[in-house]
Each structure stands twice: as structure tokens, then as C-alpha cells.
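Worksheet for the structure shown next.
The values are calculated or read from the model by the stated rules, or taken from the named source; none is laboratory data. All of these numbers come straight from a predicted model, not from anything done at the bench. No Cβ is skipped: glycine too gets one built from the backbone with ideal geometry, and neighbour counts run over all protein chains shown.
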Amino acid sequence: MNRDNKQTIVDELHAAWSESSSGIVAQYSGLNVVAMGDLRGRLHAAGVSLRIVKNTLARRAAQDTGFTAAEEHFTGPVAIAYGNDPVGMAKAISDFAKENEALVIRGGVLDGKAIDAAGIKALASLPSRDELLAKMLGSMQAPISGFVRTLNEIPASFVRTLAAIRDQKEA
């Protein structure tokens, strides 16, 4: 690889990592091409990118980004996942690591701070962003829907009372 290609890779990673809020570094040695394709597919579904790059290029790309906190993990064959959905990323990688023992999570970055493998597993146990938004929306709608049911009960009870009076007069 010539110097221009290396600089292009560093620039691309630097730009992507500057926009990303989180990343996970994992050792992938022992995974075959099919397994790596499966991992990439799962991460793509979660809106996350995965990149395998030389460690020296990764260190250069990490300069002046939040990924400098993960530089200690850039040793040996590592795959670096990055994106803006830390919970979705952690879930996808943790689920894959449970099925494939060859993938070992080393650590990562969350908003510029280093997290270890246990922190990533804790992130994976959290509900996803969509689940949290649905819960929040449900809790916001609960008082309003209760109020509407209460307002609806007044005319409904009036109608039931009229129906009871009608039934009583018919009998």
C-alpha cells in the first residue's frame, strides 16, 4: 500500500470517527469470511460501520477524535465498529460474540471516554433507542388518554341512564 492510499484511509476514518459517538474494538482472529460477512450484516442493520485497518493507521486516524481513548486496544488483529447508536452496536456485537467465540470484545469508546468489555456488555443489556422512545411516548400519552376516557364517561353514563329509564318505562 503506498503512502497516498494510507493517507486516504486515515482521512476517511478520521472523518467518520469525528462524527461517531461510540466505537467498539474487537479481536477477530479465527473468524472466517462467512462469519465476518454475518457480523457486517448485523452491524449494518443496526446502522453501524465495521472497519479492519492496520493499527498504526488507526492510531493516526484517532488523533483529535474521541477514539484516542481506545488507542490502547489497537494491538494485534482488531476490527473497529463505529456509529451513533451505542446500544444497538453493543447488542449486535455481543450477540455475535456469544455465538462465535473467536470474536473477543476488547473495549471501546463512548462519547470520548474509554469503556471496557464489561461496560459494553452492560450497554448491550439496555433497551434499544426505539424501545426507550416508545416507553417515553406511552408514558406521555397515559395522562392524556386517561383524561379523554374520563370526559367520555360523562356522556356515556348519561346515555346508559336514559336507556335504563326507557327500558323501565317499556316494562
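Listed values, structure above:
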item: Segment 58-68, subset surrounded by fewer than 18 Cβ atoms within 10 Å (Cβ to Cβ) and out of contact with any Asp or Glu (no Cβ under 8 Å at 6 or more places or on another chain), residue nearest to Gln7 (Cα to Cα); result: Arg60
item: Qualifying residue in segment 27-46 (condition: assigned by TED's automatic domain parsing to the domain that holds Ala117, closer than 18 Å to Ile115 by Cα and not in a loop (DSSP other than H, G, I, E, B)); result: yes
item: Qualifying residue in segment 2-11 (condition: exposed (fewer than 15 other Cβ atoms within 10 Å of the Cβ) and either closer than 24 Å to Asp116 by Cβ or within 20 Å of the chain's Cα centre (by Cα) (or both)); result: no
item: Matching residues in segment 47-73 - criterion: being of a type in the set (Val, Ile, Thr) and more than 21 Å from Ala118 (Cα to Cα); result: Ile52, Val53, Thr56, Thr65
item: Tabulated pairs, segment 11-26, first among the hydroxyl-bearing types (Ser, Thr, Tyr), second assigned to a helix (DSSP H, G or I), C-beta under 7 angstrom, 6+ apart or interchain; result: Ser21/Pro86; Ser22/Pro86; Ser22/Met89
item: Candidates Ala122, Ala70, Ala117, filtered to the one that is under 14 Å from Ile24 (Cβ atoms), in contact (Cβ under 8 Å) with a residue 24 or more places away in the chain and among the hydrophobic types (A, V, I, L, M, F, W, C); result: Ala70
